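Each remark here refers to the structure printed beneath this line.
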Amino acid sequence: MHRMQILGITPAEEQTYRHLLRHPGSGVAEIVAAPWHPSGAGAAAVERLKALGAVVERDGALWPEEPKVAVGLLAERLLAELHTITRSLAQVYTVVSSLEDEAAAAAGRPEEGDTPPQDSRLVERITDPTALRARVESLALSTRSEVLAGGLCEEVDRRVLRLTLPLGLRMLRRGVTVRLLVWRSMLADPAVVSHLRQLADAGARVRVLSSSDSPMAVCDGGTALVPVEPSDIAKGAFVTAEPGMVSTVVNHFERLWADAREFGDG
C-alpha cells in the first residue's frame, strides 16, 4: 500500500494524500487529528505535503494536487537530491584519493600532525566483518551526545543485534541520547523484545515502524554508517563524515522517526 515511500513520502503522509484524493476539501483540523498520524505529528505531515506541492490549503480546507502533477513534483525533487548526492560522492572520492596519495608520500617520514586520524576520512568502505565491528565499537566509544540508529530487521545479521545491546547500554551510562528505530516484524522474536526492553529501561527512546528500510546509524550528527548493499549489512558498510551525505541520512531517519509508534504502545 505504501508505494510512495520510494518518492520520499512517509506512510502517514501517503495515507493523508490518498485520503484527500477520496475526500477533497477535508478540514485541516480533521486531517491533523487523523488516527494514522503518530501523536502530535499530524500538523508537520500536512505542512510537509504542502511544501512538497502535493497538497494545497484554501480557506481552512485541504485539496490534493492531481496525481500526475504530485508524483512528477516528488520525482523531480528526488532526482535533484540524488544528483546532489552523486555529485558529492564523486567529489568525495577525489578528495579521499588525494589524501591517500599524501599519506603514501609521507610514509617513512611521519611528523606530528602530518597524517589525519582515521576518523577524519570523509568516506570509508569497510567490508571485513572484524574491521567493521571494530569501527562500530570505535564510533560508539567516541560518541558524546546522540546516536540515531535504525535497521533492526530480519536481514540484519544476528551478530549486529548482539553488538547493539552492550554498546547501547554503555552509551546510555555515559549520558548519550539513544534513539532506535526497529521494524514491527522483529517484535515476533522474544530475544529482540527483551533486548529492546533493556535499552528502553536504561533510557533509550525506541520506536517501531510497520515497514522496513535500510540499516543506518548517525553519531553526534557528524558521522553516518550505511550498508554497501541496503539489503545485506554482512557485505560491509560505508562510514562517512561528508556533511551533505550525513545530513541526508539524518533527514531520512527523522522522517521515519516522526512516522513511527512508541515501543510498547501495541
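Key figures for this structure:
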read-out: Extension reserve of the residue 77-residue 197 stretch, reckoned as 0.36 nm per residue once the Cα distance is removed; value: 39.3 nm
read-out: With all protein chains modelled, accessible area of residue 73 [1.4 Å, Å²]; value: 70 Å²
read-out: Under 12 Å, Cβ to Cβ, from residue 62 - net charge with Lys/Arg +1 and Asp/Glu -1; value: -3
read-out: Accessible heavy-atom area order of 68, 235, highest first, probe of 1.4 Å; value: 68, 235
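The values are calculated or read from the model by the stated rules, or taken from the named source; none is laboratory data. None of these values were measured; they are calculated from a predicted model. Glycine gets a Cβ as well: all are built from the backbone with ideal geometry, and neighbour counts include every protein chain shown. Note: accessible area is taken over every heavy atom of the protein model, side chains too, but ligands, DNA and RNA are not part of it. Shrake-Rupley method; radii C 1.70, N 1.55, O 1.52, S 1.80 Å.
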